[in-house]
Structure formats: C-alpha cells, structure tokens
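A short write-up of the structure that comes next.
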Amino acid sequence: MRYLALVAVPTVLAAAFFYAASESRHAVSAQDFVNLQQGSMVQQGFRRAHAKGFCVSGDFVSSGALAEYSSARVFQAGQHPFIGRFSIAGNNPTAPDLKAPVRSLALTLLPETAEQWRTAMNTPPVLAVGTPEKFYQQLLALQNNTIAEFFAAHPETAAFRNWRASYQPTQSYATEQYHSINAFYLVNASGAQQAVRWAAVPTVRPDNQLPDPEAADALQQELFARLNQGPVVFDLVFSLATAADNPDDATVSWPQTNPQLVAGQLHIKQAAAQSDGECNAINFDPLVLPSGIKPSADPILRARGAAYAESHRRRAREVLTKTLAGAQHE
C-alpha cells in the first residue's frame with residue numbers, strides 16, 4: 001500500500017505536460033515520451049527509463065553552508081535522512097551494468113516529511129538539446145541509428161558531445177560524479193533567489209576492482225561489497241550562477257570559476273534490491289521541492305517531471321492489477 005500512497009501527488013504534473021513543437025506541427029506529450037522509452041516490449045512494473053537499479057539509504061550531513069541562500073530545512077546544519085536509488089540508463093531491468101552509457105543517483109531527502117526534496121542526478125553534466133521536442137527527436141535518432149546526423153544538425157549539442165568524448169566510466173557507482181543537469185533557485189527567508197546547479201562528487205578515487213567484471217550486476221555487487229567496509233560518501237557541491245549564466249538552458253556548462261559551495265556530505269550506509277527496498281515506490285520527480293528551492297523555467301525540467309509521473313502512473317496501475325489478480329486466487 002505504500003507504493004500506491006505515493007502515486008497521487010507527483011502524477012498531477014502530467015496534466016501540465018504539453019508543448020507547442022518548435023520543429024513540427026504536433027505537440028509532444030508525456031505519453032509520447034514514455035511510449036518511446038518503453039518500446040514494444042513493456043517491462044511490467046518497472047520504470048520506463050532507468051529500469052535497472054537498487055535502493056540505498058543513509059544521511060545527508062549538512063554543513064549549513066547554504067543556509068543563507070535557502071530556507072529549506074535540509075540545508076540547515078545537521079543530519080537529514082534520505083532514501084535513494086542507483087541505476088543505469090535503459091528500459092531493460094536485466095541489462096548488463098557495464099554496458100550502459102549513463103549512470104544515475106536519485107534521492108529523496110527528508111522522505112517522511114512535508115519538506116522532502118527529490119533529485120534525480122545523472123553522469124552527464126549537460127543535456128544535448130534544450131527543448132522537449134528536440135529531446136524526443138534525439139531519442140528517435142538513437143533508435144534509428146541516425147544520431148550522428150542529428151548531432152550534426154544541432155550545434156547546441158557541442159558541450160554534451162565534448163563530455164561524451166572524454167567520459168571514462170569508472171568501475172563503481174561510488175566513484176562517479178552525478179549532476180543535477182538542470183538549474184534551480186535557492187530562496188532564502190527574505191525572498192532573495194540564487195540560481196544553482198549541483199553535483200554529488202565522490203570522495204574516493206576510482207580503481208579497477210570488481211568482484212566479477214563479467215557479471216550482469218557487476219556494479220551492484222561492487223557497491224554492496226563496498227558498503228560492507230563502511231559508508232559510501234559524496235560531497236554535495238553547489239555551483240552558483242553568475243550574471244553570465246542562463247539557468248533555463250541545460251545544454252551549456254557553467255564555468256569552473258563560478259563560486260562553489262559544499263552543502264554537506266551524502267553518507268550512503270545501506271543498500272537493498274529494489275524489489276525489497278523503499279525506493280521502488282518512489283517517483284524521483286525533480287519538481288518535488290521543499291520551500292526554499294524553486295525550479296528554473298527550463299522546459300526540459302518540466303518535461304522530466306511529467307514523463308516521470310506518466311511512467312510512475314503506468315507502474316502503479318500494473319502493480320495494482322497484479323496485486324488484485326493475486327488476491328483473487330488466494
């Protein structure tokens with residue numbers, strides 16, 4: 001029942017997801033995105049994107065460095081619990097870990113309160129394109145093996161292509177860096193706003209040790225084994241926008257010279273299979289924000305929230321149908 005109880009709030013965002021297409025006469029909806037992501041073979045009860053993953057939990061130890069920028073409780077100095085999920089890109093819940101092009105870390109901080117904050121972070125620091133319509137076309141190009149032509153026709157993909165060319169996946173979820181990609185605003189008690197992006201930055205160096213490099217679950221096995229030695233720790237680093245940065249464009253990297261503040265550390269202490277863990281019921285919608293954090297006007301951010309909600313709605317229906325069918329046979 002916990003799964004069903006978490007469905008209602010995020011799914012209201014789906015109704016807002018319609019865009020006038022800039023490159024076609026048709027609108028792109030959340031349903032269009034999720035249909036494309038799930039493909040012809042629906043994996044019942046799984047997320048349509050990032051289907052494979054596992055749950056983690058721990059505490060965010062806030063340094064208080066952002067307290068002057070945001071009234072959010074999570075940024076007040078102290079220890080705040082979270083539920084999270086590591087995952088790989090794709091709609092296949094049995095895909096080999098090491099074959100995925102993108103890895104992700106999603107979190108719900110202060111999960112049992114009205115002040116919870118959800119964030120879904122990915123290894124790329126930027127997006128290839130800046131509108132839902134173009135992103136949909138990018139997904140089509142990937143499926144049709146015409147991505148090179150798509151990139152050539154869209155010069156705004158340069159920052160993403162540069163990252164992709166230089167990115168070397170590590171042998172652990174614990175040694176990757178995960179980015180908010182989109183920008184948000186911190187809002188303090190006086191109403192002053194500061195645009196930010198953030199990243200979960202590993203505190204240990206990469207190595208090449210894997211319990212079983214050939215295993216489909218190699219990264220999961222490595223993280224579980226690593227936790228037997230102690231918590232996995234990330235610094236949560238915020239980059240503050242300057243007047244030269246556009247918070248509404250996720251295709252452009254912000255300069256490394258921008259002010260950087262360490263909001264605190266994420267201490268991951270436990271992990272569990274997603275079928276048994278609390279994360280499986282959570283829609284990690286980046287638009288679920290506490291007071292003190294506001295979304296930017298980035299259209300991709302709205303698209304993410306709506307697509308996540310649609311995926312979550314479908315999963316919830318499938319889980320409910322399976323549960324009711326099982327009850328009828330008891």
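The values are calculated or read from the model by the stated rules, or taken from the named source; none is laboratory data. What you are looking at is a predicted structure, and each value in this text was computed from that prediction instead of being measured. Glycine gets a Cβ as well: all are built from the backbone with ideal geometry, and neighbour counts include every protein chain shown. Just so you know, the surface numbers come from the protein's heavy atoms only, side chains and all, with ligands and any DNA or RNA stripped out. Shrake-Rupley method; radii C 1.70, N 1.55, O 1.52, S 1.80 Å.
Some points to look at:
- Top-ranked residue in segment 188-197 [being part of a strand (DSSP E or B) and among the hydrophobic types (A, V, I, L, M, F, W, C); ranked as farthest from Leu261 (Cα to Cα)]: Ala195
- Elements of type helices (runs of 4 or more DSSP H) in segment 76-187, at least 1 residues being of a type in the set (Asp, Glu), open to solvent by 30 Å² or more (accessible area, probe 1.4 Å) and more than 27 Å from Pro247 (Cβ to Cβ): 147-153
- Scanning segment 193-207 finds one or more residues that are among the small types (Gly, Ala, Ser), over 21 Å from Leu105 (Cβ atoms) and touching a residue at least 60 places away in the same chain (Cβ under 8 Å).
- Residue-level check: of (1) outside any loop (DSSP other than H, G, I, E, B); (2) modelled with pLDDT of 95 or more; (3) out of contact with any strand residue (DSSP E or B) (no Cβ under 8 Å at 6 or more places or on another chain), Thr323 misses just (2).
- Contact annotation: residue pairs with Cβ atoms under 7 Å, 6 or more positions apart or on different chains, pairing a residue in segment 295-307 that is more than 21 Å from Leu36 (Cβ to Cβ) with a partner that is at pLDDT 85 or above and in a helix (DSSP H, G or I), are Pro295/Leu301.
- Considering segment 296-309, the residues that are at pLDDT 85 or above and of a type outside the set (Gly, Ala, Ser) include one that is most open to solvent (accessible area, probe 1.4 Å), namely Arg302.
- Number of residues in segment 180-192 that are farther than 18 Å from Leu105 by Cβ and not hydrophobic (A, V, I, L, M, F, W, C): the value is 4.
- Among residues of segment 138-154 that are within 12 Å of Ala128 (Cα to Cα), those with a Cβ under 7 angstrom from a residue that is open to solvent by 60 Å² or more (accessible area, probe 1.4 Å), sequence gap 6+ or separate chain, pair up as Phe151/Arg161.
- Index of the failed condition, Ser70 passing every other in (1) crowded, with 23+ Cβ neighbours inside 10 Å; (2) within 12 Å of the chain's Cα centre (by Cα): (2)
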